[in-house]
Structures are given as C-alpha cells and as structure tokens.
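Data block below; observations after.
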Amino acid sequence: MANAAARTRQSFTAHGAALRRHLQARKLSAVNTAIELLATKAREMLGVTQSTVSFGRYRWGINPSYPGQPPKRLSGGLQGSIETQVTQPTQTRVTGRVGSNDRKAKSLEYGATIPSRRARRLAMVFAATKRLGRTSVRESAKGVIFRRYVRGFTLRPRPWLKPLVAKHADAVMAIFKNAFGNL
C-alpha cells in the first residue's frame, strides 16, 4: 500500500512540472500577444498626420493636436520608436512593456515646462499677414510665415499611452481569458 502511494506522489510531481511548463508557455504567449496588440494600436493612433511648413532643414506643424488629445505625426519619430519588451523575472511572473524611448514621449504624455535656456534655441512659427515685434519674416507659398523666438513655454499634456491602455483593456483581458479559459 505504501508503495502505491509513493507511485502516486511521483506521478503527480511529474505531471505537476509539465503543467507548470504548459501554463508558463501559455502565459508568455498571452503577454506577447497583448503587448503586440497595444503596440499596433499605438502606432495607428500616432499615425494621424498634420500639414507642415519648412524653413530649410526645420519643419513645423501647422495644425497640431489640442491638449488632451493624442499628438499628431510630424516626422514619424515617435511612431517609429514604439517598442515592446517581455521579461520573466521569476518562474511565476511575466512582465510585458509597451512604450517609447523617444525623448519627447514623456513630455507629450505628461506635459512639460521648457526652460528659457533651452527655449532660446527653439522657435515658434505662426502664419501672419504683417510683421510683428522682434521676428524674422520669410515668404512662402502658403503666405507670410514668421519666426518668433521665445524665452520659455509650457507644453500641456497630450496623453497617448495611458488612454490607449484604458481603451483596449477589455481586448487584453479577452486575450488572457482565451489563453487560460480552455485548460
């Protein structure tokens, strides 16, 4: 009798290890699917373009997004910098991350105050019909465009990542339910 109990324990241990490996593979697959879905949706959201005007090598957007809306694409740098990462710190935990390594991504998501020492190098561009104050005026095909050098400004937030995750939370949960629902 003791011999049968020992065989049962060994059998359960062997099947338990296989079950853990099977669950780990499903968990990893579900996390990969979920973050790839979020990355695709982020690239779609950031793909809305805006009309631009150029001065030499510089380009400015004429109709940028309003604060509170996702940013519109100017050069595609933010859209192209969307990255995914899956890490497995322990055997029972899998972490998936979606985000951007672009330096302006955090400023767009949360807003920023650009200090005067950095803003002197930047210029804001406006369409105008006459010359105003300390500006340099250039003619272009779209009318008179002028540059005004600023001393500092505040960029109000244009969140794109947090609303994306909130909007697609149900789809992510459906991915996990499909992965573990038919065990």
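The values are calculated or read from the model by the stated rules, or taken from the named source; none is laboratory data. Because the structure is a prediction, the values reported are computed rather than measured. All Cβ positions, even for glycine, are placed from backbone atoms using ideal geometry, and neighbour counts span all protein chains on display. The area values use the complete protein model at the heavy-atom level, side chains included, leaving out ligands, DNA and RNA. Shrake-Rupley method; radii C 1.70, N 1.55, O 1.52, S 1.80 Å.
Points to keep in mind about this one:
- Answer residue from segment 28-68, given it is assigned to a strand (DSSP E or B), open to solvent by 70 Å² or more (accessible area, probe 1.4 Å) and among the hydroxyl-bearing types (Ser, Thr, Tyr) and is farthest from LEU108 (Cα to Cα) among those: TYR58
- Looking only at residues in segment 69-89 that are within 15 Å of the chain's Cα centre (by Cα) and part of a loop (DSSP other than H, G, I, E, B), the one that is surrounded by the most Cβ atoms within 10 Å (Cβ to Cβ) is PRO71.
- Residues of segment 94-109 classified as surrounded by 14 or more Cβ atoms within 10 Å (Cβ to Cβ) and touching a Pro at 6+ places or on another chain (Cβ under 8 Å), total: 2
- A Cβ distance below 6 Å, combined with a sequence gap of six or more or placement on separate chains, defines the contacts here; from segment 32-52, residues that are without any contact (Cβ under 8 Å) to a residue 60 or more places away in the chain reach residues that are loosely packed, with under 14 Cβ neighbours inside 10 Å and of a type in the set (Lys, Arg) in the pairs THR52/ARG59.
- The criterion of being under 27 Å from TYR58 (Cα atoms), of a type outside the set (Gly, Ala, Ser), at pLDDT below 90 and over 17 Å from the mean Cα position of the chain (by Cα) holds for VAL125.
- Index of the failed condition, LYS162 passing every other in (1) at pLDDT 85 or above; (2) surrounded by 13 or more Cβ atoms within 10 Å (Cβ to Cβ): (2)
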